[in-house]
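A.B. asks: Attaching a single structure in structure tokens format; questions to follow.
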Amino acid sequence: IRDEIINNNAIFTPEIDYLLTKQGINQSVLDFGGGNKCAFQNVVESKIKNNNFIITTIDIQKHRNNTSKNYIQYDGVHIPFSDNYFDIIVCNFVLHHIPLKQQSLILQELSRVCKKSIMIIEDIQINPIGILFSKLHYIFFKQSPSMIESMHSENHWINLMENFCFQLKDKQRIKGKLYGIEHVYLLINKK
């Protein structure tokens, strides 16, 4: 599962395509929950040669490598930036790791610091094998398999984001390499 996300650059294709439409415009990008591997940031820097993107990664984990130029460890509650600070927020495979009762608080914070758009990629389970892989995924990340309740359908994520003044602009299914796992890409614009 880890390799599926970190080493499968094709997963980020919809996000890269969207960012390529923003070439030539200075954009501040928040990689929310990007982890100390900073997979998204590394892929973007290798695919997009134009340096018009200022990418900041924040996560609750301590930074363990020097691959990211702008990495901030934060408290998991308050994003340490002012209102409407980031043009684009990237939230890849993060929301389902947030306990159900905290998801609304985090989405409220993302809405607060977002100026224009949020790009989300989340896992979607399509059969019992997918549910099993998802439970193993939580064990790998040292979380309780009961966190499976934090995984939602693409419609649930869309409805949740619409509650925070966002509107769906684009949606794509991304086939996973593992049987039973698919991903959904959502581009959501601030109203």
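A.B. asks: How many residues, within region 142-161, are more than 16 Å from the chain's Cα centre (by Cα) and outside any helix (DSSP H, G or I)? Write out each step before concluding.
C.D. replies: The initial filter retains those residues of region 142-161 that are more than 16 Å from the chain's Cα centre (by Cα), namely 142-149, 155, 159.
If we keep only those that are outside any helix (DSSP H, G or I) too, we end up with 142-144.
Residues meeting the conditions: 3.
A.B. asks: Pick from I118, I139, I124, I129: which is in contact (Cβ under 8 Å) with a residue 12 or more places away in the chain, among the β-branched types (V, I, T) and either assigned to a helix (DSSP H, G or I) or open to solvent by 70 Å² or more (accessible area, probe 1.4 Å) (or both)? Outline the logic, then answer.
C.D. replies: On the way: I118 fails: either assigned to a helix (DSSP H, G or I) or open to solvent by 70 Å² or more (accessible area, probe 1.4 Å) (or both); I139 fails: in contact (Cβ under 8 Å) with a residue 12 or more places away in the chain; I124 fails: either assigned to a helix (DSSP H, G or I) or open to solvent by 70 Å² or more (accessible area, probe 1.4 Å) (or both).
Checking each option against the conditions leaves just I129.
A.B. asks: Separate question: Check S150, S144 and return the single one that is among the polar types (S, T, N, Q), exposed (fewer than 13 other Cβ atoms within 10 Å of the Cβ) and more than 25 Å from L20 (Cβ to Cβ).
C.D. replies: On the way: S150 fails: exposed (fewer than 13 other Cβ atoms within 10 Å of the Cβ).
One residue alone meets the criteria, S144.
A.B. asks: Name the pairs: first residue in region 161-172 and of a type in the set (D, E), second residue open to solvent by less than 80 Å² (accessible area, probe 1.4 Å), Cβ to Cβ under 8 Å, at least 6 apart or on different chains?
C.D. replies: E162/L168; D170/P14; D170/Y18; D170/Y185; D170/L186; D170/L187
A.B. asks: Here's another thing I want to ask about it. Is one or more of the residues making up region 87-95 aromatic (F, W, Y) and open to solvent by 70 Å² or more (accessible area, probe 1.4 Å)?
C.D. replies: Going through region 87-95, the residues aromatic (F, W, Y) turn out to be 93.
Add one more test, that the residue is open to solvent by 70 Å² or more (accessible area, probe 1.4 Å), and what stays is none.
No, the conditions are met nowhere in region 87-95.
A.B. asks: Between a first residue in region 80-98 that is farther than 18 Å from I188 by Cα and a second residue that is open to solvent by 20 Å² or more (accessible area, probe 1.4 Å), which pairs have beta carbons less than 8 Å apart while being 6 or more apart in sequence or on different chains?
C.D. replies: Sorted first by the residue in region 80-98, then by its partner, the pairs are P80/I72; P80/Y74; H97/G33; H97/F141; H97/Q143; H97/M147.
A.B. asks: Let me ask something additional. Name the single residue that is nearest to L136 (Cα to Cα) among those in region 163-184 being at pLDDT below 80 and buried (at least 18 other Cβ atoms within 10 Å of the Cβ).
C.D. replies: The extreme case among them is I181.
A.B. asks: While we're on this one: Do the conditions hold for H78, that is, is it at pLDDT 85 or above and within 24 Å of Q27 (Cα to Cα)? Step through it out loud before you land on a result.
C.D. replies: Details: at pLDDT 85 or above: yes; within 24 Å of Q27 (Cα to Cα): yes.
It is true that H78 is at pLDDT 85 or above and within 24 Å of Q27 (Cα to Cα).
A.B. asks: In the list L107, L187, which residue meets the criterion of being within 20 Å of I16 (Cα to Cα), modelled with pLDDT of 85 or more and within 14 Å of the chain's Cα centre (by Cα)?
C.D. replies: On the way: L107 fails: within 20 Å of I16 (Cα to Cα).
After ruling out the rest, the residue left standing is L187.
The values are calculated or read from the model by the stated rules, or taken from the named source; none is laboratory data. As the structure is a computational prediction, the values presented were derived from the model and not from experiment. Positions of Cβ are generated from backbone atoms using ideal geometry, with glycine treated the same way; all protein chains shown enter the neighbour counts. Surface areas here come from the heavy atoms of the whole protein model, side chains and all, with no ligands, DNA or RNA. Shrake-Rupley method; radii C 1.70, N 1.55, O 1.52, S 1.80 Å.
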